[in-house]
Amino acid sequence: MTEQYVHWFRNSAPYINAHRGKTFVLMFGGEAVNHDNFRNIIHDIALLHSLGISLVLVHGARPQIDENLVEYGLTTPFHQGIRVTTRESLRCVMDAVGSIRLEIEALLSMGLANSPMYGARIDAVSGNFVTAKPYGIRDGVDYQLTGEVRSIDIEAINKNLVNRHIVILGPTGYSTTGEVFNLRAEDVAVRTAMALKADKLILLGEREGIADTDDRLLRELIPNEVDQYLRGKTFDTEILRYMDAARGACRGGVRRVHMISYARDGALLQELFTRDGSGTLITQDPYEEIRTAEIEDVAGMLELMRPLEEEGILVRRSRERLETEISQFCVIERDGMIVGCAALYPLQVDAGSDPAGEIACVAVHPSYRNSDRGSELLDYLEARARTKGLKLLFVLTTRTGLWFIEQGFEPASVDDLPKERKDMYNYQRSSQVYRKKI
């Protein structure tokens with residue numbers, strides 16, 4: 001356990017450095033506040049604050065509002081997943097929002113010895129940062145005191161963030177005439193993240209993220225892919241509302257939107273400080289993307305590989321061989337140009353041995369070799385290897401051994417190769433062997 005902790009802590013250092021000084025907007029519904037894990041989420045929020053991250057918390061209040069309505073014997077209809085807020089029910093909204101804000105502030109103020117919050121000294125602020133306007137009459141339905149965001153007082157929020165305050169925003173806004181409007185928390189979170197030019201918007205929901213039809217978690221999507229999920233649907237569930245918010249935020253300039261679970265202890269830290277994360281990441285449509293290679297990429301891959309083959313760095317591959325093995329390759333495409341490629345070949349191993357694969361043909365365009373694109377290719381293939389259940393990766397190289405060591409590989413010998421691969425070893429090339437456990 002100690003070794004695992006040390007390993008995790010050391011490997012989190014790049015993320016700690018990358019996140020310091022950044023601005024994150026975290027949004028969670030009233031369901032998260034009611035959950036047993038919410039206190040742990042507050043501890044993790046305090047940790048992010050201590051690491052130099054500027055935080056804006058946006059909370060919802062749907063279940064709390066529903067409880068207040070029952071207590072007062074009131075009902076409010078929903079249309080298209082949005083509550084119609086009557087004047088009689090507004091008090092229930094305000095009481096729910098106010099009580100949640102006080103609860104969050106109280107939890108952020110904890111400082112007992114032998115607790116994660118000891119010595120945290122966090123100042124949390126809230127105020128009339130959100131200006132609202134009526135949602136109006138839509139499809140013949142008068143939404144009354146339900147509103148939508150008109151503007152966010154970014155100057156005031158930034159002043160508090162500069163002073164190391166955590167800003168708390170609820171699902172209410174105020175009009176220029178002094179009225180209070182009930183807002184969707186997702187709308188507040190998205191508009192705030194866009195106006196702040198936040199580095200991340202993090203949506204904490206009941207589910208771990210977006211799943212495919214086989215209920216497998218999708219690690220990364222772009223807005224166009226989210227569009228396909230939402231086509232023809234009414235946003236009457238949390239996951240659909242969050243997906244709609246995520247794609248809107250991405251298209252509004254927020255580079256990364258994370259969807260994670262509030263019910264899973266440590267999900268926030270795992271998402272931010274580990275390579276694989278814990279939920280679904282939605283990113284802007286990429287100008288540059290890494291993806292599985294296709295037949296149409298062969299010409300670009302050949303152009304990329306030929307100089308390295310002529311230097312003896314790579315083993316020569318024919319067009320026919322590339323076309324046959326194209327499914328083993330991934331490429332980096334930048335504005336229609338192939339600037340990087342690499343391959344992952346599964347290996348036949350002896351019975352009882354860990355499933356293994358071989359990384360091969362790592363090539364990056366000369367104009368981009370001073371970047372991290374080689375590392376990105378390896379990360380992509382390592383993730384692919386994990387999905388295939390591989391536990392060990394090998395690489396054979398004549399000139400780039402030091403670079404692979406820098407990527408976490410360690411020297412090995414020809415005898416360490418699985419028997420079938422060992423039998424195919426080219427002793428004339430005398431390639432060095434490296435391996436990495438994943």
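Nothing in this text is a laboratory measurement; each read-out follows from the coordinates by a stated rule. Note that the structure is a prediction, hence the values are computed from the model and not measured. Glycine gets a Cβ as well: all are built from the backbone with ideal geometry, and neighbour counts include every protein chain shown.
Treat the stretch 3-145 as a sphere of radius equal to its Kirkwood radius over Cα pairs and apply Stokes-Einstein at 20 °C in a medium of 1.002 mPa s; give the translational diffusion coefficient in µm²/s, rounded to a whole number.
On the way: Rh = 17.9 Å.
The diffusion coefficient I find is 119 µm²/s.
The shape of the stretch 207-282 can be summarised by an equivalent ellipsoid whose semi-axes, obtained from the alpha carbon gyration tensor, come to 20, 14, 11 Å from longest to shortest. If you take all other residues with their beta carbon under 14 Å from the beta carbon of Leu201, and give Lys and Arg +1 and Asp and Glu -1, the sum is +4. Note on the chain: percent of Cα-Cα distances in each 10 Å bin, starting at 0 and stopping at the bin with the largest distance, equals 4, 18, 26, 21, 15, 10, 5, 1, 0. The fraction of Cα-Cα pairs per 5 angstrom bin, counted from 0 for the stretch 113-238, comes to 2, 8, 13, 17, 16, 15, 14, 10, 4, 1, 0, 0 percent, rounded to whole percents.
Taking 0.36 nm per residue of sequence separation and subtracting the Cα-Cα distance, how much length would be gained by fully extending the chain between Leu74 and Tyr229, in nm to one decimal? Could you put the intermediate results ahead of the total?
Details: separation 155, 0.36 × 155 = 55.80 nm, distance 3.49 nm.
This chain segment gains 52.3 nm when fully extended.
Show me the trypsin sites (Lys or Arg not before Pro) within the stretch 316-365 that DSSP assigns to loop and that have at most 13 other Cβ atoms within 10 Å of their Cβ.
Values: sites: Arg316, Arg317, Arg319, Arg321, Arg334; in loops: Arg316, Arg317.
Sites meeting the loop and neighbour criteria: Arg316.
How far is helix 238-251 tilted, in degrees, relative to the longest principal axis of the Cα atoms in the chain, given as a value from 0 to 90 rounded to the nearest 10? With both axes taken from Cα atoms, the answer is about 70 degrees. Need the list of lysines near Lys197 for cross-linking: C-alpha distance under 20 angstrom, and skip anything on the same chain fewer than eight residues off. Partners found: Lys22, Lys159.
Divide by every residue of the chain the summed helix terms, -39500 (n - 2.57) for each DSSP H run of at least 4, and state the resulting mean residue ellipticity at 222 nm, rounded to the nearest 500 deg cm²/dmol.
Result for the chain: -11000 deg cm²/dmol, rounded to the nearest 500.
The distance linking the stretch 274-305 with the stretch 47-68 is 34 Å (Cα centroid to Cα centroid, whole angstrom). Annotation: lysines with alpha-carbon distance below 25 angstrom to Lys437 (same-chain offsets under eight excluded): Lys388, Lys391, Lys419, Lys422.
Of the listed peptides 347-355, 391-399, what is their order by residue-averaged count of other C-beta atoms within 10 Å, with the highest listed first? Let's see the in-between values first.
Numbers: 347-355: 11.7, 391-399: 18.9.
With the highest mean Cβ count within 10 Å placed first, the list reads 391-399, 347-355.
Size descriptors for the stretch 232-335, from the alpha-carbon set: Rg then Dmax equal 19.9, 60 Å.
According to the Cα gyration tensor, what semi-axes, each the square root of 5 times an eigenvalue, does the equivalent ellipsoid of the stretch 250-307 have, listed from largest to smallest in whole Å?
Values: eigenvalues 230, 46, 17 Å².
After diagonalising the Cα gyration tensor, the semi-axes are 34, 15, 9 Å.
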